[in-house]
Amino acid sequence: MLTKGVLTPGLCRAARGFLDWTQEELAERATVSRGTIRDFEKGRHALHRSTETLLATAFTAAGLLLVAREDGGPGVLHPGEPPPE
């Protein structure tokens, strides 16, 4: 499971982009407000641990893996897709 702080604003944007999700779509899937996502992605505030877990759960349910800094991240992987050449 994620450790606190793995989900950065850039990683959140990247994961949404990978899935072609809007902030609204992520908010619905994670059951948080769109404003929370907007403000986090703009660096206005950090996430509470429970909110970070909700976002990470939404991403992993969609098939993404969030890679922690100590594991070579932060980054996003989609196990079902081949790596770029």
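The values are calculated or read from the model by the stated rules, or taken from the named source; none is laboratory data. Only a predicted model underlies this, so the values are computations on that prediction, with no experimental measurement involved. In case anyone asks, the SASA skips ligands and DNA or RNA and just uses the protein heavy atoms, side chains included. Shrake-Rupley method; radii C 1.70, N 1.55, O 1.52, S 1.80 Å.
Per 0.36 nm of contour for each residue apart, how much would the distance between Ala14 and Arg49 grow if the chain were fully extended, relative to their Cα-Cα spacing? Can you show the working numbers first?
On the way: separation 35, 0.36 × 35 = 12.60 nm, distance 1.97 nm.
Full-extension gain reported as 10.6 nm.
When the residues Leu54, Leu47 are ordered by accessible surface, computed with a 1.4 Å probe over the protein chains alone, the sequence from largest down reads Leu54, Leu47.
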